[in-house]
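Presented below is the structure to which this report refers.
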């Protein structure tokens, strides 16, 4: 096929409203149309399946049929740019937010962020987490050690109880009631090979963001006005979780 | 790490859900195949599993997204990712498809048909040569399943593959399921196809199941869905190939409605019986 013929083929595959490029095929037009439809179905279902694998909780929240329908819309407007399908779907949450039928459910896009972060964490680079037990730094020196996020870490500052929603669907629990509808901050990371997802406090978020900028613990304490001792509990937790590395 | 040339053996397309059963008893299979693009991530459990398995079994790295038959230049980032993967795992076999799967702007997530013309042949030879240069090794090119004949095609698929192999120096990965599917869907016979192939160039064989799809005029199309056991006609063709060409490393592909490890091992055992000449049903 020439580049132009290939473009016609791929455009007709991606857009169901486009007529099949029958002039490219040998055989009776009606039969070629049906044969071309096999490719159309393959392309659409493979792309939708890629999204389904990344967003199982969204599928549960929306229902399988509705999820398939909105995912099919998304793949037409934002097809995967590369064969590395585990990198696909970053814009799906935002896309859902723009759909008039879902505009009253902005929390869907925040659940989508959690699910995308989990897939990113699954494939992120391996790196040894900072381990206080084996660190050569004395406790006082620890204040000066620059720390960085593990490559798998994502921090999501949601306006909705996105973590509680996500967690409830995973465990078949009731969603959070209206009186507990509060913003939640969510940390996603990988502890060696196990995916982790946890709700974190606003103070822990602030500390994480400061460490991400390369601040030492002492600098972070100075920046927030919190005494180093007050940060100790938060830092201990983050280190125990394995989401910080030597910078 | 296994890098010696393989001449026989039966393996499977690896599914992570089979890891625990596989690592507990690796003796059922002789080699393992992975889809390259699933391992383009930097780290994590998939790579950890693969490192452990690679210490025990020869590996076949099978690419599905490079678009060797496409009109666009090969994606340099994709080539580099594939090279990094091959450098990391030193696979015994590396393969890709005679197909295209994207147009440089988007990935179409399917193996799309190539027009068998001189122009496409020249371009495919260049692409395969580029791939082999980047990887520093010979690769195997797989015959695709196809549901359409392109009007511009004037070469037979087997002749196209033979010429591609002769001019680029690549080997062939003969997918017998695809071969039967193409003969059924687009005409020709398996015997004609095998006679046209340079059998000495075949470095690997794929076996898989397929589905049937009925067209409005009552005809059926065979669909390469990898969703069931290897069919009897495919196994008979495998037996014929073994008699003509001898043993080749062989992979069972069962990628949808993935069976239990025990069920998959039954497929492996059956294929091994054919490979060892223990089944004579023709």
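Derivation of every value follows stated rules applied to the coordinates shown; laboratory data play no part. Note that the coordinates shown come from a computational prediction; the quantities given were computed from them, not determined experimentally. No Cβ is skipped: glycine too gets one built from the backbone with ideal geometry, and neighbour counts run over all protein chains shown.
Only Cα pairs under 8 Å and 6+ residues apart enter the sum, and on that basis the relative contact order of chain A stands at 17 percent.
Largest GNM mean-square fluctuation among A:109, A:160, A:14, using chain A with Cα springs under 10 Å: A:14. Dividing the summed -39500 (n - 2.57) terms of all DSSP H runs of n ≥ 4 by the residue count of the protein assembly as shown sets its mean residue ellipticity at 222 nm at -14000 deg cm²/dmol.
A crude spin-label estimate for the pair residue A:30 and residue B:132, with each label 7 Å from Cα along the Cβ direction, gives 4.7 nm. Inter-chain Cβ neighbour count for A:82-93, averaged per residue, equals 5 (cutoff 10 Å, partner chain atoms only). Listed peptides B:24-30, A:123-129 appear in the order A:123-129, B:24-30 once ranked by packing, highest mean of other Cβ atoms within 10 Å at the front.
Let a ≥ b ≥ c be the square roots of the eigenvalues of the Cα gyration tensor of segment B:123-282; is it rounded (a/c under 1.5), or, if not, prolate (a/b larger than b/c) or oblate? Oblate shape, in that a/c is at least 1.5 and b/c is the bigger or equal ratio.
Legend: mean number of C-beta atoms from other chains within 10 angstrom of residue C-beta atoms, peptide A:4-10, equals 6.
Secondary structure note: in segment B:10-275, about 20% of the DSSP beta bridges are antiparallel. From the alpha carbon centroid of segment B:105-176 to that of segment A:29-63 is 26 Å. Between segment A:96-126 and segment A:214-231, how many Å separate their Cα centres? What the calculation gives is 31 Å, centre to centre.
What the Cα convex hull of chain B gives, in volume per residue, is 133 Å³. Taking Cα atoms only, the orientation of helix A:228-241 departs from the longest principal axis of chain A by about 40 degrees. The long axis of helix A:202-212 is offset from the longest Cα principal axis of chain A by roughly 80 degrees. Between 0 and 90 degrees, the angle of helix A:29-54 with respect to the longest Cα principal axis of chain A falls at about 10 degrees. Under a Gaussian network description of chain B, with springs only between Cα atoms under 10 Å, the residue in B:190, B:99, B:109 that fluctuates furthest is B:109. Please check: in the Gaussian network model of chain B (C-alpha springs, under 10 Å), which one of B:218, B:104, B:188 has the largest mean-square fluctuation. Top of the fluctuation ranking is B:218. With a 10 Å cut-off around each Cβ of B:227-237, the average count of Cβ atoms from other chains is 0. Under 4 °C and 1.567 mPa s, how fast does segment A:137-247 diffuse according to Stokes-Einstein, given a Kirkwood radius computed over C-alpha pairs? Answer in µm²/s, whole number. Translational D for this selection: 86 µm²/s. In this label model, residue B:269 and residue A:182 are separated by 5.8 nm, measuring between points 7 Å along each Cα→Cβ vector. Taking the DSSP bridge list for the protein assembly as shown and keeping only pairs wholly inside it, about 45 percent are antiparallel.
Here the calculated FRET efficiency for residue A:99 and residue B:243, from their Cβ-Cβ distance with R0 = 41 Å, stands at 0.10, rounded to the nearest 0.05.
Let me know the shape class of chain A, please: from the alpha-carbon gyration tensor, a ≥ b ≥ c as square roots of the eigenvalues, rounded when a/c is under 1.5, otherwise prolate if a/b is greater than b/c, or oblate. Prolate.
Here residue A:52 and residue A:125 are evaluated by their C-beta separation; at R0 = 25 Å the FRET efficiency comes out at 0.45. Distance between the C-alpha centres of segment B:9-53 and segment B:228-279: 19 Å, rounded to the whole angstrom.
Taking a ≥ b ≥ c as the square roots of the eigenvalues of the alpha carbon gyration tensor, segment B:196-261 is oblate, as a/c is not under 1.5 and a/b does not beat b/c.
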